[in-house]
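Q: My structure is below; once you've seen it, I'll send some questions.
The values are calculated or read from the model by the stated rules, or taken from the named source; none is laboratory data. Remember, it's a predicted structure, so these values are computed and weren't measured experimentally. Cβ coordinates were reconstructed from backbone atoms using ideal geometry, including for glycine residues, and neighbour counts include every protein chain displayed. Ligands, DNA and RNA are excluded from the accessible area calculation, which covers all protein heavy atoms including side chains. Shrake-Rupley method; radii C 1.70, N 1.55, O 1.52, S 1.80 Å.
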Amino acid sequence: MESLKYFLKQNKRLLLISCFAFVINQAFEFFILTVNGAGYLDLCYWDCPWYASTVQHGYDFAPHGHERGDAANWAFFPALTIVARWVTQLFSLSAPVALIVTSKLFFLAAIFSFLKLSQIYTPRVSPSLCAALLALNPYSLYGNVGYTESMFLLFSCVSLTALRQGRFVSAGLVGAVLSAVRPTGVFIALALLATGLKSQAKASSEERLQMLLGILLAPLGLALFMVFLYWRMGDAMAFSHVQIAWERVPSNPFMHLLSGLLAQNISIQLWAWMSVVALLMIAYLLWRKEYALAMFSLGATLLPLATGLVAMPRYLWWQAPLLLVLAQSVSAFVNVLHRVFVGKRFNRQIQYSPPYWLALVPFSLWGLHRTYIAWLLQEVWVI
Amino acid sequence: MKAKSMLVLAALVLCFFYLAVLALLQHPAVSDEYRRYFITGESGLSPAQVGRLQALEMGGTLNFRSDRLGFDSWSNAENEYRWSLGKTPKLHFLVDSPQNAEALKGLALRFQPHGQQIVRIYVNDHLLYDEQADAQGPVIATLSLPPALIRQGHNIIRFELPNARMPGNGDPRVLGVALFELVLNPV
């Protein structure tokens, strides 16, 4: 109880900002749903029913879905469904509703954990800017629709925060959960490895052992899922092999990128350019010697890119390192504007950028509105 | 010292566990059909497709959604056609008796090439069609079947599409021809 009080006291401001951003996001969503005569259940679409089938009936024994009968819910990692199943039992909710509620709870927690992360990695960027960037961007939709994005962001932020604080075993334990959230979660092991290699020279032998254990813990969630799949249906790699049902067979990611850049379709071109921007952000992180963030994002970008450009926005804009760079960029842009128009420098020790970024919020909300409408109309570009 | 020993022990346990997982990866306990479709990619016909394939009824037309064709390395059906995937898509079909095998004298395939395509068509590994096709309009490939080429049981129409390629619009599929229908014993 004392520690909770201490936690609340220490984090009062960040908690308030997180809650405020989350409430605005939820109010905006409620407004869109109401105006369009839709309900919360309409949000459970595309992958969400697959997760719901897992919550209700567990993992399939054999493939059955799609026209070729080759789709199964093995592609959908277990961490979110386990928590959603607890939520269904605790509150007697249907599986789709429980998934939506669970993803929203993780979304709130993810905003707070992202603010904590940003305080460590980019302390000069205003927490309000970071919260708005996360809660009001056009792809924040995915935090509300029974997908794994919010859980992924939460656990990646917690793991990266623990890593920066030198708590390798904690980072590895959280990483173990992350690797059971979605396949790209396993790349947190690269972040641990990069940090371990960087700091092992000055570490004691016990600290080195902790680093090693942290790195070994990170893929544990994925490995347990593989063992489960083997026990369930005989193929430990079924989560990857079943991707053939969605025609997402891995190949050279840069071929997909090039093909997208030359595409006639505007959405595909946009996703390709987003991927290029993401790779540039990763290069920037490497240049800043933020190896842990860079390695995590490199894996989390190239793996989905290897299976095509579809759904790239949600794979990119729920990655903590990329969001940090984005927040930094907006903040730097605002500083430049201030210097040009007001002509004063800030006292960078104590002051955040002036909130000119608020001018971007209406554009961002317009984008979010557009994404919601596309989702409700089941347009393929928001899959 | 005790903490160090615990760390070493935990690391060793994890290493052994991962080795066991690697061993499981090497030995999937699945059917041959599953292995050939999902793991090695030797077959483009899913186990469910194999299970529901029905024998041909002589005469008539089978469209791109027919249950009597096994679409091996073909995409999901669209509204009017079905795209081939890769350079060697196949169509599997079953013939339930020697009489029916003998009765099948010819086939006609109607398809739309994806741009310029060299299209070779084999029936049970015999080359019966070799043409260059372009995207001006649908192509009808009429195949005259030599006696005894069609057999009772499993038969395969195999395409060779060396120019199949990604459409360049971000679609990661390697497309060759869009199939509309297969006519049995065309007049």
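Q: So, of the residues in the stretch B:139-164 that are exposed (fewer than 15 other Cβ atoms within 10 Å of the Cβ) and free of Cβ contacts under 8 Å to residues at least 60 places away in the same chain, which turns out to be farthest from the other protein chains (Cβ to nearest Cβ)?
A: B:147
Q: Hey, residue A:357 hits all of (1) touching a residue at least 40 places away in the same chain (Cβ under 8 Å); (2) closer than 30 Å to residue A:163 by Cβ; (3) within 19 Å of the chain's Cα centre (by Cα) but one; which does it fall short on?
A: (3)
Q: Please go through the stretch A:315-331 and pick out each residue that is open to solvent by 20 Å² or more (accessible area, probe 1.4 Å), in a helix (DSSP H, G or I) and not aliphatic (A, V, I, L, M).
A: A:315, A:328, A:329, listed by residue number.
Q: Could you please find all residues in the stretch A:254-265 being assigned to a helix (DSSP H, G or I), at the interface with chain B (Cβ under 10 Å from one of its Cβ atoms) and either hydrophobic (A, V, I, L, M, F, W, C) or open to solvent by 50 Å² or more (accessible area, probe 1.4 Å) (or both)?
A: Result: A:255, A:257, A:258, A:261.
Q: Looking at the stretch B:89-124, which of its residues are within 24 Å of residue B:43 (Cα to Cα), open to solvent by 40 Å² or more (accessible area, probe 1.4 Å) and not in a strand (DSSP E or B)?
A: Matches in the stretch B:89-124: B:96 only.
Q: Let me ask something additional. Can you tell me which residue within the stretch A:213-228, out of those that are farther than 15 Å from residue A:174 by Cα and either at the interface with another protein chain (Cβ under 7 Å from one of its Cβ atoms) or in contact with a Ser or Thr (Cβ under 6 Å, 6 or more places away or on another chain) (or both), is most open to solvent (accessible area, probe 1.4 Å)?
A: A:227
Q: Kindly indicate whether residue A:312 is more than 13 Å from chain B (Cβ to nearest Cβ) and on the phi < 0 side of the Ramachandran plot.
A: no
Q: Can you find a residue in the stretch B:36-57 that is facing chain A (nearest Cβ under 7 Å) and open to solvent by 50 Å² or more (accessible area, probe 1.4 Å)?
A: Looking for residues that are facing chain A (nearest Cβ under 7 Å) and open to solvent by 50 Å² or more (accessible area, probe 1.4 Å), one finds at least one in the stretch B:36-57, hence yes.
Q: Within the bounds of the stretch A:242-254, is there any residue that is of a type in the set (S, T, N, Q), out of contact with any strand residue (DSSP E or B) (no Cβ under 9 Å at 6 or more places or on another chain) and farther than 30 Å from residue A:73 by Cβ?
A: Scanning the stretch A:242-254, I find no residue that is of a type in the set (S, T, N, Q), out of contact with any strand residue (DSSP E or B) (no Cβ under 9 Å at 6 or more places or on another chain) and farther than 30 Å from residue A:73 by Cβ, so the answer is no.
Q: Residue B:23 versus (1) within 7 Å of another protein chain (Cβ to nearest Cβ); (2) under 45 Å from the mean Cα position of the chain (by Cα); (3) open to solvent by less than 60 Å² (accessible area, probe 1.4 Å): which is the lone unmet condition?
A: Checking residue B:23 against (1) within 7 Å of another protein chain (Cβ to nearest Cβ); (2) under 45 Å from the mean Cα position of the chain (by Cα); (3) open to solvent by less than 60 Å² (accessible area, probe 1.4 Å), the one that fails is (1).
Q: I'm trying to understand the selection: among the residues of the stretch B:2-14, which are facing another protein chain (nearest Cβ under 7 Å) and either among the hydroxyl-bearing types (Ser, Thr, Tyr) or surrounded by 11 or more Cβ atoms within 10 Å (Cβ to Cβ) (or both)?
A: B:4, B:7, B:8, B:10, B:11, B:14
Q: Out of B:70, B:86, report the one residue that is touching a Ser or Thr at 6+ places or on another chain (Cβ under 6 Å) and either at pLDDT 95 or above or surrounded by 14 or more Cβ atoms within 10 Å (Cβ to Cβ) (or both).
A: B:86
Q: In the list B:127, B:182, which residue meets the criterion of being in a strand (DSSP E or B), away from every other protein chain (no Cβ under 14 Å) and surrounded by 17 or more Cβ atoms within 10 Å (Cβ to Cβ)?
A: After applying the criteria, what remains is B:182.
Q: Would you be able to tell me the number of residues in the stretch A:267-300 that are open to solvent by less than 30 Å² (accessible area, probe 1.4 Å) and among the basic types (Lys, Arg)?
A: 0
Q: Could you tell me how many of the residues in the stretch A:230-253 are open to solvent by 30 Å² or more (accessible area, probe 1.4 Å), more than 9 Å from every other protein chain (Cβ to nearest Cβ) and under 22 Å from the mean Cα position of the chain (by Cα)?
A: 4
Q: Tell me, please, whether a residue that is open to solvent by 40 Å² or more (accessible area, probe 1.4 Å), facing another protein chain (nearest Cβ under 8 Å) and in a helix (DSSP H, G or I) can be found in the stretch A:183-203.
A: Looking for residues that are open to solvent by 40 Å² or more (accessible area, probe 1.4 Å), facing another protein chain (nearest Cβ under 8 Å) and in a helix (DSSP H, G or I), one finds none in the stretch A:183-203, hence no.
Q: Also: Please list, ordered by first then second residue, the pairs with beta carbon atoms under 7 Å, 6 or more apart or interchain, first in the stretch A:98-117 and open to solvent by 30 Å² or more (accessible area, probe 1.4 Å), second assigned to a helix (DSSP H, G or I) and aromatic (Phe, Trp, Tyr).
A: What qualifies is A:108/A:22.
Q: Only helices (runs of 4 or more DSSP H) wholly contained in the stretch A:71-160 count here; list those with 2 or more residues that are under 27 Å from residue A:367 (Cβ atoms).
A: Where helices (runs of 4 or more DSSP H) fall fully within the stretch A:71-160 and carry at least 2 residues being under 27 Å from residue A:367 (Cβ atoms), they are A:95-121, A:127-136.
Q: Considering the stretch A:26-49 alone, what residues qualify as being open to solvent by 40 Å² or more (accessible area, probe 1.4 Å) and either under 16 Å from residue A:82 (Cα atoms) or out of contact with any Leu (no Cβ under 8 Å at 6 or more places or on another chain) (or both)?
A: The answer is A:27, A:30, A:31, A:34, A:35, A:37, A:41, A:45, A:46, A:49.
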